[in-house]
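Below is one structure, written out as C-alpha cells; the observations come after it.
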Amino acid sequence: MTADHSPPQVTVRQATADDAATLVALLAEMDDTPARAATLDADGARKIMAAMATYPYFRAYLVFSDGIAVGTFSMLVFCSLTHEGTRQAVLDAVVISRASRGQGIGNVMLDHAVRIAGEAGCYKIALSSNLKRMDAHRFYENFGFTQHGISLAVPVPKSSG
C-alpha cells in the first residue's frame, strides 16, 4: 500500500453568518489563542460580519483543504483620492490553521485574494502584520509582498456619547 502524496484540493468561498463559529476557531489560531481566552464568539462574529456587509466590498472568506475549513482572510476593496480613485485592497485577519501550514494552502489563498482584487480593478493589495509574526512575514515575502511604507497606529479613545 502506498501513501497518497497528492496536493490537497484547496477551495475558497465567501463566508456567511452560518460560518461564524468556524471563523472564530480559525482566528484563535492566529496567535495560538486558547479558545477559552478568545474574546470573540460566534454571535459577535455574526454581528461584525453584518457590519462588514454594509460596505460595498468588505467580506470574510473561508479556505478549505479537501473540504475542511483550514483558513480565513478578510478583504476590503476601496478607492481614495490618490491614484485618481483607482481601487486598492487591504487584507486583514489572514490565518491558516497551524496543522495546515506548509502545504501550499496559503499560496492558493493569496492567489485567490489577488484574483478578487484584480477582478475588482485594484492596482495593489496590501496587508499589515504584527511585528512578532516573523514566520508570516517570511511567507508574505516569499509570495511576493514587499515592504511598502510603514504602518503606524494610535489607539482612539471611546466616545462618551
| message | Run the helix sum for the chain: -39,500 (n - 2.57) per DSSP H stretch of 4+ residues, divided by residue count, reported at 222 nm to the nearest 500 deg cm²/dmol. | response | -8500 deg cm²/dmol
| message | Spelling out what I want: for every residue of the range 8-20, take phi, set θ = phi - 60°, compute 6.51 cos²θ - 1.76 cosθ + 1.60 (Karplus), and round to whole Hz; glycine and proline get x. | response | x, 7, 10, 10, 10, 8, 5, 6, 10, 4, 5, 8, 4
| Fewest-first sequence of Val90, Val10 by Cβ atoms within 10 Å of each Cβ | Val90, Val10
| query | Of all DSSP beta bridges in the chain, what percent run antiparallel (nearest 5)? | reply | 85
| message | Check which residues have an amide H placed less than 5 Å from Ser97's amide H, if you skip close sequence neighbours. | response | Gly71
| task | Name the long-range amide H neighbours of Arg87: under 5 Å, sequence gap of 5 or more, or other chain; modelled H, no Pro or chain starts. | result | Tyr123
| query | Hey, fewest Cβ within 10 Å first, where do Met109, Met30, Met134 land in order? | reply | Met134, Met30, Met109
| Under unit Cβ charges (Lys, Arg +1; Asp, Glu -1), what dipole magnitude, rounded to 20 debye, does the range 10-143 have relative to its Cα centre? | 140
| message | I want to verify the translational diffusion coefficient of the chain in µm²/s; compute it with Stokes-Einstein, Rh as the Kirkwood radius over Cα pairs, at 25 °C and 0.890 mPa s. | response | 143
| Can you work out the FRET efficiency for the pair Asp135 and Ala50, with r the C-beta to C-beta distance and R0 = 25 Å, to the nearest 0.05? | 0.15
| Can you list the residues, at least 5 places off or on another chain, whose amide H is less than 5 Å from the amide H of Ala15, using H built in the peptide plane? | Ala60, Tyr61, Leu62
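FYI, it's all coordinate maths here, none of it is from the lab. Fair warning: this is a prediction, and the values are worked out from it, not measured in the lab. Here Cβ is always computed from backbone atoms with ideal geometry, including for glycine, and neighbour counts include all displayed protein chains.
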